[in-house]
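Notes to accompany the following structure.
Just so it is clear, none of the values below were taken in a lab; they were calculated from the coordinates. A quick note: this is a predicted structure, and the numbers were derived from the prediction, not measured. Cβ sites come from the backbone with ideal geometry, for glycine too, and all protein chains shown count toward neighbours.
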Amino acid sequence: MDWRIVIIENEGKLSLKDGNLLFTNKKYSKSVPLEDIDYIILDNRQIVITHPLMTKLTEMGILLMTTNKRHEVSGILFSYWNQYRKLDTLEKQLQISPILKKQLHKTIIQQKIINQALCLKKLSLSKYKTLINYSKDIKNANIQNTEAITASIYFKELFSSNDFIFHRQDFKDKNIYALNAALNYTYSIIRAIIIKYIIASGFIPYLGIFHKSKTNPFNLADDIIEPFRPIADYHVYKFKEILINLKFSALDSNIRKEMHQIYLYEVCINNKWFELSSACKILISSLLKSINNNDYNIFLYPNDWREDI
């Protein structure tokens, strides 16, 4: 099914009418069937939303995201009652063994590096064989070191040029390059989808496998997103020249809309192709099975992607 991404950028009112999302303002009104929507982005600080609509969105599992002044995803509304074995899942999550954590950590980062290599190969860039070799040599004792080395090689090959030296920046940097802002924005879209399924599965989102920040409420999502990041990198690369020329400029509406096209990618898991959202759901489900059976081999991950645009 082709799901819709609804981005609201104009001020107005959102309400529920006859099973539809209804947007109204002084100039016009428009409605979209809720059954066709997977997630909604509120990207204007003058939007009013009614309580019946919010309730219906949670009942239907439709993700509602709000943004801050920099248009970054800053809040998520999701249902907390659509999973009926939360205590079982929580107990399993709390009891996960250190050995399984290490095995999952290695598997996730190894696949991330493999996918980084695949990204370079798809774009006909060099160094992908170097990354493959690093992925084969990764050991539990040197995961973070190997990840840092490969990231340096990867991003330099992907985004640097004779006239531009690329450095990764996160949301905390005030003077952030537009290219970094686009990466962070696209990551945040995937992260929000993952958070949706983490909550729906009954996991506690701040209990990560290897991310352990005391100030991060979504450590587990930051674990799971790792092998998906190269898919976002691949998508952002298509706008590399535009973004480099923007330098420190904020992402405009057109660029943000292009970043949302990541949602239309198809992802390969275990030799089968799925929409991005479904792939995230499958991955979370496989994590639960892996924990229940104390077997990291059950955990599934993306190993290819294609544009369905």
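Report Rg (one decimal) and Dmax (nearest whole number) for segment 135-265, counting Cα atoms only, units Å.
15.8, 48
Placing +1 at every Lys and Arg Cβ and -1 at every Asp and Glu Cβ, with all other atoms neutral, what dipole size does segment 11-126 have around its Cα centre, in debye to the nearest 20?
Here segment 11-126 has a charge dipole of around 520 debye.
Over the chain, what relative contact order in percent results from Cα pairs under 8 Å that are six or more residues apart?
For the chain, the relative contact order is 16 percent.
Per residue of the chain, what 222 nm ellipticity follows from adding -39500 (n - 2.57) for every DSSP H run with n ≥ 4, rounded to the nearest 500?
Dividing the helical sum by the residues of the chain leaves -14500 deg cm²/dmol.
Please work out whether segment 26-178 counts as rounded, prolate or oblate from its C-alpha gyration tensor, where a ≥ b ≥ c are the square roots of the eigenvalues and a/c under 1.5 means rounded, while otherwise a/b larger than b/c means prolate and anything else oblate?
In terms of gyration-tensor shape, oblate.
Ranked highest first by the average count of other Cβ atoms within 10 Å around their residues, in what order do 235-244, 113-122 fall?
Highest mean packing first, the order is 113-122, 235-244.
Any idea what log10 I(q)/I(0) is at q = 0.07, 0.13, 0.16 Å⁻¹ for the chain, Debye with uniform C-alpha scatterers and no solvent?
So the normalised log intensities work out to -0.28, -1.00, -1.45.
Using Cα springs under 10 Å in a Gaussian network model of the chain, which residue among Ser188, Ser126, Ser277 shows the largest mean-square fluctuation?
Ser126
Can you check what the net charge comes to around Glu266, using other residues whose Cβ is under 11 Å from the Cβ of Glu266 (Lys, Arg +1; Asp, Glu -1)?
-2
Please identify the chymotrypsin sites (Phe, Trp or Tyr not before Pro) of segment 1-46 that satisfy two criteria: DSSP loop assignment and at most 14 other Cβ atoms within 10 Å. Which are they?
Of the chymotrypsin sites (Phe, Trp or Tyr not before Pro), the ones in loops of segment 1-46 whose Cβ has at most 14 other Cβ atoms within 10 Å are Tyr28.
Using unit Cβ charges (K, R positive; D, E negative) and no other charged atoms, how large, in debye to the nearest 20, is the dipole of the chain about its Cα centre?
Charge dipole of the chain: 560 debye, to the nearest 20.
Excluding Leu34 itself, what net charge comes from residues whose Cβ is under 13 Å from its Cβ, given Lys and Arg +1 and Asp and Glu -1?
The answer is -2.
Whole-Hz Karplus ³J(HN,Hα) for segment 219-233, in order, using 6.51 cos²θ - 1.76 cosθ + 1.60 and θ = phi - 60°, x for Gly and Pro?
Karplus values, whole Hz, x for Gly and Pro: 4, 5, 4, 6, 6, 5, 6, 3, x, 8, 4, x, 5, 5, 4.
What span do the alpha-carbon atoms of segment 90-202 cover on each of the three principal axes, reported in whole Å from largest to smallest?
The Cα atoms of segment 90-202 stretch 53, 34, 24 Å along the principal axes, largest first.
Counting only DSSP beta bridges with both residues in segment 36-180, tell me the antiparallel percent, nearest 5.
Restricted to segment 36-180, the bridges split so that about 55 percent are antiparallel.
Using Cα centres only, tell me the gap between segment 124-157 and segment 40-75 in whole Å.
Comparing the Cα centres of segment 124-157 and segment 40-75, I get a distance of 38 Å.
How much net charge surrounds Lys281 when only the other residues with a Cβ under 12 Å from the Cβ of Lys281 are counted, with Lys and Arg +1 and Asp and Glu -1?
Here the count lands on -1.
Let me understand segment 172-231 better: what is its radius of gyration from the alpha carbons, and its Dmax, in angstrom?
Gyration radius and largest Cα-Cα distance of segment 172-231: 12.4, 38 Å.
Near the amide H of Asn20, under 5 Å away, which other amide H atoms are found, from residues 5 or more places off or on another chain, if H is placed in the peptide plane?
Leu34
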